[in-house]
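One structure is given here, and the rest of the page talks about it.
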Amino acid sequence: MRESATRLEQFYASPLGGAARDMAARRLEALWPDLAGRNVLGYGYAWPYLAPYEAGTNRLVFAMPEGQGAIAHVGKRGVATVLTQGRALPFSDSSFDRILAIHAVEEAETIAATLAELYRVLTPEGRIVVICANRAGMWARADSLPFGAGRPYSRRQLKAALVRAKFTPTVGSNALYIPPAKFFAKTKVLRGAERFGETVWPRFSGLVLVEAIKRLYAPSEGGHAQKVARPKFTGVPALNRNGVNRTDA
């Protein structure tokens, strides 16, 4: 059973949820400082993280799994949210330049099927960022909070899953070092905890992030060299919900 969209909305409206969003968003912004003109998909519950990019994107769509439920967001082109059924996404191949998956893989029946479908709808050379609970962190053990639901992953496990799905991982990062308690969501405590965690115990973050790319020509698993014939060129024919989800950082 997935976390409901309503419960996720309530979580991100709370100080603790806002802290989780801010600490993950700062890592996402370092990877994707600008998505101007891009076609972007948020899979899972991605609205709090992608809302700041909305104005500049060409198209921003939110796909939410049926077990999670959906909250309608109205974007520049009308309703931007779709409730997906099963593992299939209702999009054509190579529809999106960027994909953010959050509150998505931990509760998927099989991560392989989920990533394979995201691979299909991503454009060649497009990029995906997956954010999930870190199995070594405290947030994965907080059953009362959304990141305590489902199966957490280490950064190595997440990269391995992406490789099996034919993605090529580029970079990984960690975020959210405060304990999952309201007291630590205060701004001064939060910033100090992040600096301390990044320096002293980076492996024990609450969240892990991995970016990967869909290479048009991926290397073979064995890494064997292959002869490539010289090409012959002759004869070749020329959903913004009006801000109700937004919370102040």
Original post:
Does VAL189 meet the test of being of a type in the set (A, V, I, L, M, F, W, C) and over 16 Å from LEU207 (Cβ atoms)?
Top reply: yes
**OP:** Considering only the stretch 145-172, state which residues are within 23 Å of LEU122 (Cα to Cα), part of a loop (DSSP other than H, G, I, E, B) and of a type in the set (Gly, Ala, Ser).
**Re:** ALA165
Original post:
Does any residue of the stretch 81-97 turn out to be more than 13 Å from the chain's Cα centre (by Cα), under 26 Å from PRO152 (Cα atoms) and small (Gly, Ala, Ser)?
Top reply: yes
**OP:** From the list ALA101, ALA116, ALA108, ALA133, pick out the single residue that is in a helix (DSSP H, G or I) and either under 14 Å from the mean Cα position of the chain (by Cα) or at pLDDT 95 or above (or both).
**Re:** ALA116
Original post:
Listed residues THR168, THR199; which is within 17 Å of ARG27 (Cβ to Cβ) and among the hydroxyl-bearing types (Ser, Thr, Tyr)?
Top reply: THR199
**OP:** Take the residues in the stretch 180-210 that are within 24 Å of ARG151 (Cα to Cα) and small (Gly, Ala, Ser), then tell me which one is surrounded by the fewest Cβ atoms within 10 Å (Cβ to Cβ).
**Re:** ALA181
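The values are calculated or read from the model by the stated rules, or taken from the named source; none is laboratory data. Not measured: the values here are computed from a predicted model. Neighbour counts are summed over all protein chains in view; Cβ atoms, including those assigned to glycine, are modelled from backbone coordinates with ideal geometry.
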